[in-house]
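Step one of this worksheet: look at the structure below.
The values are calculated or read from the model by the stated rules, or taken from the named source; none is laboratory data. In this text the structure is predicted, and so the values were computed from the model without any measurement. Quick reminder, even Gly has a Cβ in these numbers, built from the backbone with ideal geometry, and neighbours come from all protein chains shown. The area values use the complete protein model at the heavy-atom level, side chains included, leaving out ligands, DNA and RNA. Shrake-Rupley method; radii C 1.70, N 1.55, O 1.52, S 1.80 Å.
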4 protein chains.
Amino acid sequence: MNDTMRASVLIEKGRIELETVPVPQVDRDQVLVEIAAVGVCGSDVHYFHEGRIGDFVVTAPMILGHEASGTIVAVGSEVSPDRIGERVAIEPQRACRVCEQCKHGRYNLCPFIEFYATPPIDGAFAQFQAIQADYAFPIPHSMSLEAAALCEPLSVGIWSNQKAGTGPGSRILITGAGPIGIVIAQVAKAFGATEIIVSDLAAERRAVALRFGATRVIDPLAEDVGTLGLEVDAFIDASGAAPAVRSGILAVKPAGRIVLVGMGADDVSLPVSRIQGRELILTGVFRYANTWPLAIELASSGRVDLDSLVTGRFGLSDVEGALAAAGNPATLKAIVEPGK
Amino acid sequence: MNDTMRASVLIEKGRIELETVPVPQVDRDQVLVEIAAVGVCGSDVHYFHEGRIGDFVVTAPMILGHEASGTIVAVGSEVSPDRIGERVAIEPQRACRVCEQCKHGRYNLCPFIEFYATPPIDGAFAQFQAIQADYAFPIPHSMSLEAAALCEPLSVGIWSNQKAGTGPGSRILITGAGPIGIVIAQVAKAFGATEIIVSDLAAERRAVALRFGATRVIDPLAEDVGTLGLEVDAFIDASGAAPAVRSGILAVKPAGRIVLVGMGADDVSLPVSRIQGRELILTGVFRYANTWPLAIELASSGRVDLDSLVTGRFGLSDVEGALAAAGNPATLKAIVEPGK
Amino acid sequence: MNDTMRASVLIEKGRIELETVPVPQVDRDQVLVEIAAVGVCGSDVHYFHEGRIGDFVVTAPMILGHEASGTIVAVGSEVSPDRIGERVAIEPQRACRVCEQCKHGRYNLCPFIEFYATPPIDGAFAQFQAIQADYAFPIPHSMSLEAAALCEPLSVGIWSNQKAGTGPGSRILITGAGPIGIVIAQVAKAFGATEIIVSDLAAERRAVALRFGATRVIDPLAEDVGTLGLEVDAFIDASGAAPAVRSGILAVKPAGRIVLVGMGADDVSLPVSRIQGRELILTGVFRYANTWPLAIELASSGRVDLDSLVTGRFGLSDVEGALAAAGNPATLKAIVEPGK
Amino acid sequence: MNDTMRASVLIEKGRIELETVPVPQVDRDQVLVEIAAVGVCGSDVHYFHEGRIGDFVVTAPMILGHEASGTIVAVGSEVSPDRIGERVAIEPQRACRVCEQCKHGRYNLCPFIEFYATPPIDGAFAQFQAIQADYAFPIPHSMSLEAAALCEPLSVGIWSNQKAGTGPGSRILITGAGPIGIVIAQVAKAFGATEIIVSDLAAERRAVALRFGATRVIDPLAEDVGTLGLEVDAFIDASGAAPAVRSGILAVKPAGRIVLVGMGADDVSLPVSRIQGRELILTGVFRYANTWPLAIELASSGRVDLDSLVTGRFGLSDVEGALAAAGNPATLKAIVEPGK
């Protein structure tokens, strides 16, 4: 195997170049994956344009991309060589495994966590990337490598619905019908929700939502979800928009739940007296924990449709094109295929 | 028994008068209690001065007071006459028992609930008041009727700590050291919390907190609880003050809980990105459910000290004095004793 | 309306007669239902043949039947007359609503509960029966009255799966493929379970299980579920057979759950060291609480198929025939139709 | 430092000898602890006399002892040398950290776990022993090294009470007043239980229980705990005796919990119809997870008294004497002090 590979490197804010870089070293508990597909996430677009997300600042060249899949081509000393050749979905994080959060099963909250494409950790817009062996999940033959890559956003959908307590018969409100909102709706349906109400400003996105499980769509400019008497069991925001969050909270029935997924302003004015008077439970999600096995199960059994989310494919030399596409509201998922 | 009784009636905003009114009718499932003691709550003071709390408006004369105890003097047709003579603590609410919330055990969220001293339901600043038999809890001989009355604020403390998940070894932050904050601190200690950090602007209230279980007090003008690295398991706000809520949230460790007890502005700007990034769980309390048995247990066993909270006693003819006292920061609990 | 009606009365063990009896009185909070369909349960058969189930002994003539539906024809004083004409599924129990269990939302464990066809409470093998208004659940037009009656066994399936923690991706083992086992399997599928392994001695029952959601069936005479390495998330016994219970427990993975639904011997020898070594969680079900809304949702949306469970219909004059049919292993559900 | 140390080695069933053996190698993530105190557990006695516990068989010389404390004298390459000199309580297990159980926070159920003094892993009856750095918990100066060693049985008490749901106001039944039963009672008290009923055949053990938190003791030969109407919230068996388990289950109120801690026969006949009819929840404990921080908190704050449990001290050359003492009912805790 060569020591070097091609990678799409974010040199600095607004500048991405295809470079030849060393193939990542494989630690004793890692596998090396030849990357097949990488979904483009809004955070990739944001890092490209802004050079930062909150406190995470790109100060040195870095490889973006964290929704990845591929084939194992090498293994560390403690990993069985039998795994070489496995097609895998990658959970793109590495927790310390010894802190209080890790030992309680909440490893996504590990203060020492490393995450693909979060400075200074490289992501997967490259020919190869390494990952801990237990975070590379084998997928069945029936599942495409694109779907495997999209187990990452699917995990956000699973985690959000688990926090929301979605189950058989649930009535769920989702604000925001971008790629994440669509995945959340699909998971809500797979979890048995019977009413899945999706709100979005864009008519085309509302139409997409109806294709992917929404039982009703709302145009927030025409109707206020907070005053329709929806009385949903749970509200999941995938917009990050303060007005959506505020209205959504008013739609939740007593003892219901609110899960904030979309990233928006650091501070948002919330109807606290309503949260108190109805004893609503509000939380947020930070990535996910232990979701890949279920993600693979949902995707491979057809209960969630990931392949249909792909609206464009790009080579490693055109990551900039992929990022531009991802910024287009008509795009659901742009995929980078390093081997293309 | 007479058909009439004396009661302190809120005629309109700012005007309370001692009147002779009919003794309440006792429904088949109720008991009639000769009221012994009634704690004065901030909500009583608020109704007196403002004539309303949020959507609840005093539009007709009403009797205030909902922290009550006394002795059963009559029973409805379905209640055993053996209960006459029982000294009881009153849980001052009446749920419908048939709605979804009631049947799931969350009767405090019953949309049809009636609550003492919430318009148009009369409270207990009177010689007698009726209550459902199962909401009149017998107390042991060792327990005073004043302590029995204060099982109501104690229930707020229990419910808050239950929502906060307070348990052995917990580290709890409480903002606001008024009567409710003090009770919350006492309950936190009784539940096994080992660090109970109480913040209040008033030095005398901080001193009181130290007497009632706080292990550390903070002057928010001198120190910002949000930047001290407290990393508490849970934060309970008993102040209703937006800056306290905001700072308190920043003091909570990942996966920790936030319980908003104090009533303040309807809308409050909250650090949503922190709630997301740490997956904090935020909720509020609306009264309580199923807390009286534990309240009586905690109070009668001495693990919570209610008697020492009483800082003044007033007769039925001086409810106005009691309300004035309750508005004084040096007061912990003013008690109205209708039989005095 | 007449004061009398026809009813099928269990006079004594082994003797059922069609009699003319008074129409039940309707309490202020009740509705009177003209019974349309009543499923026959194993407990009806047992009372008929044995005159008792455990401590419940038939000492006076009693009407059997507790899986019932019909149309409201009269209402009590506190119930809206608008409900007359509603097609309803009946939850056949009446809890006290004031005890500790009721007020915590576990009303099925109310020590004062009354239940249809459990001595001395009459059931529904009659033209009419009364029920509390909030236990008569309106059904949509799309749903048959037979399916409405079978919301009762469906509730057992829901409650069992809720106790088992069945959810998306779950692997569930069910022993016993009688009517209850079949309903449990259907609910497991509706709740998202991906492996539903059903064991039964009878080949025809195993075949039925495959039609209703089982992904694999096992003949316990040919294979021992305890040694196949199934490592299921949960095991639900619907057989009441001690060997099935024992083997099933050995099939559960660490931290998994065991739910005992089938009634068998009072005492059963269990592999306690396995329960300890894997920290398994074992419980049982006693009827159900708060399941009807979801039952109606699952049945009316087609995610659970109740109509296909009906294998025979009988008039009120042939309850004995219905009971005989229910005792036949080839029968899934015999239905008594009082209006036929 | 020397390469060799003295250790008390179980050569074969019934034969222990003081030998000179190599000091354990320290892995990169481990610390080496100079052992100060080791409590003797019933399992040590069992291995000594029987050479096995269930499927765990002593097939080669092995060092016993797993309730240990000491001082860090060396560290692995990834551990800060600052930790040398720390007084620590040892959690004597090593989980794989990558399996499903570990990643969900239930590392005690890890199928690959290694545990001190469970074949073929050596324990702590030796001058030194190694442990993962995060399983060596620093203790405050106020805490003795004997108490630190006894954080191990205390952890059993914590874990049992956590499984039992013990909290403020709980009513708990404990059968068996040996060392573990006594610790369970102490923890129940520290968790806020108000009734702690302890049953034991031996009058002297019942007397000890009263000293350590029991509010009532029962002689099972004189009274049957199952028929006294105790209606406890939870029952914890620390006896392993089938009659105690059976009677205890009958003492639990509806929806209550049963936790089986004592090891007895593999199979036990249980009153399954009672478990069903009351929807009791039965489970067992297998060691513990994440209990040391709370154990140290409870012990160092004086809410649990570990030092008073020590009834005898033995040198490394007299482990056989310690094992004999541990087998004596009058002994609470025999301690081996390797440095003595």
Could you list, in sequence order, all residues of the stretch A:198-224 that are crowded, with 20+ Cβ neighbours inside 10 Å and either under 25 Å from B:ASP267 (Cα atoms) or not assigned by TED's automatic domain parsing to the domain that holds A:GLY178 (or both)?
-> A:VAL198, A:SER199, A:ASP200, A:ILE218
Selection count where residues are assigned to a helix (DSSP H, G or I) and facing another protein chain (nearest Cβ under 7 Å), scope the stretch D:295-307 | 2
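Looking at D:LEU64, D:LEU18, which is the one that is closer than 24 Å to D:GLN132 by Cβ and not aromatic (Phe, Trp, Tyr)? Steps first, please.
Working: D:LEU18 fails: closer than 24 Å to D:GLN132 by Cβ.
Testing whether each residue is closer than 24 Å to D:GLN132 by Cβ and not aromatic (Phe, Trp, Tyr) leaves just D:LEU64.
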Among the residues of the stretch B:231-250 satisfying the criterion of being more than 9 Å from every other protein chain (Cβ to nearest Cβ) and either in contact with a Phe, Trp or Tyr (Cβ under 6 Å, 6 or more places away or on another chain) or among the charged types (D, E, K, R) (or both), which is farthest from A:ALA265 (Cα to Cα)?
-> B:ASP233
Taking D:GLU67 as the residue in question, decide whether it is more than 19 Å from D:GLU320 (Cβ to Cβ) and either open to solvent by 30 Å² or more (accessible area, probe 1.4 Å) or under 24 Å from the mean Cα position of the chain (by Cα) (or both).
-> no
Subset tally (residues that are crowded, with 21+ Cβ neighbours inside 10 Å and facing another protein chain (nearest Cβ under 7 Å)) for the stretch C:253-263 | 1
Odd one out for B:THR227, checked against (1) farther than 20 Å from A:ILE281 by Cα; (2) open to solvent by 20 Å² or more (accessible area, probe 1.4 Å); (3) touching a strand residue (DSSP E or B) at 6+ places or on another chain (Cβ under 7 Å); (4) of a type in the set (Ser, Thr, Tyr) = (3)
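Please enumerate the residues belonging to the stretch B:264-294 that are assigned to a loop (DSSP other than H, G, I, E, B), within 11 Å of A:GLN276 (Cβ to Cβ) and either more than 7 Å from every other protein chain (Cβ to nearest Cβ) or open to solvent by less than 10 Å² (accessible area, probe 1.4 Å) (or both). Spell out the reasoning first.
The initial filter retains those residues of the stretch B:264-294 that are assigned to a loop (DSSP other than H, G, I, E, B), namely B:264-267, B:271, B:278-280, B:285-291.
Subsequent filtering for residues that are within 11 Å of A:GLN276 (Cβ to Cβ) retains B:264, B:266, B:285-287.
If the condition is that a residue be assigned to a loop (DSSP other than H, G, I, E, B), within 11 Å of A:GLN276 (Cβ to Cβ) and either more than 7 Å from every other protein chain (Cβ to nearest Cβ) or open to solvent by less than 10 Å² (accessible area, probe 1.4 Å) (or both), then B:GLY264, B:ARG287 are the ones that fit.
I'd like the full set of residues that are among the hydroxyl-bearing types (Ser, Thr, Tyr) and either over 27 Å from A:ASP307 (Cβ atoms) or out of contact with any Gly (no Cβ under 9 Å at 6 or more places or on another chain) (or both), limited to the stretch A:199-247. Spell out the reasoning first.
We begin by selecting, within the stretch A:199-247, every residue among the hydroxyl-bearing types (Ser, Thr, Tyr); these are A:199, A:215, A:227, A:239, A:247.
A:THR215, A:THR227, A:SER247, listed by residue number.
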Provide a single number: the residues in the stretch A:219-263 that are in a helix (DSSP H, G or I) and not small (Gly, Ala, Ser).
-> 6
Can you spot a residue in the stretch C:140-148 that is at pLDDT 95 or above and on the phi > 0 side of the Ramachandran plot?
-> no
Among the residues of the stretch C:6-48 satisfying the criterion of being in a loop (DSSP other than H, G, I, E, B), of a type outside the set (A, V, I, L, M, F, W, C) and touching a residue at least 60 places away in the same chain (Cβ under 8 Å), which is most open to solvent (accessible area, probe 1.4 Å)?
-> C:GLN25
Search the stretch A:297-323 for residues being under 18 Å from the mean Cα position of the chain (by Cα) and among the aliphatic types (A, V, I, L, M), and hand back the single one that is surrounded by the most Cβ atoms within 10 Å (Cβ to Cβ).
-> A:ALA322
Counting only residues that are assigned to a loop (DSSP other than H, G, I, E, B) and open to solvent by less than 30 Å² (accessible area, probe 1.4 Å), which one in the stretch D:324-339 is farthest from the other protein chains (Cβ to nearest Cβ)?
-> D:PRO338
Would you confirm whether any residue within the stretch D:26-37 is assigned by TED's automatic domain parsing to the domain that holds D:PHE125 and in contact with a His (Cβ under 9 Å, 6 or more places away or on another chain)?
-> no
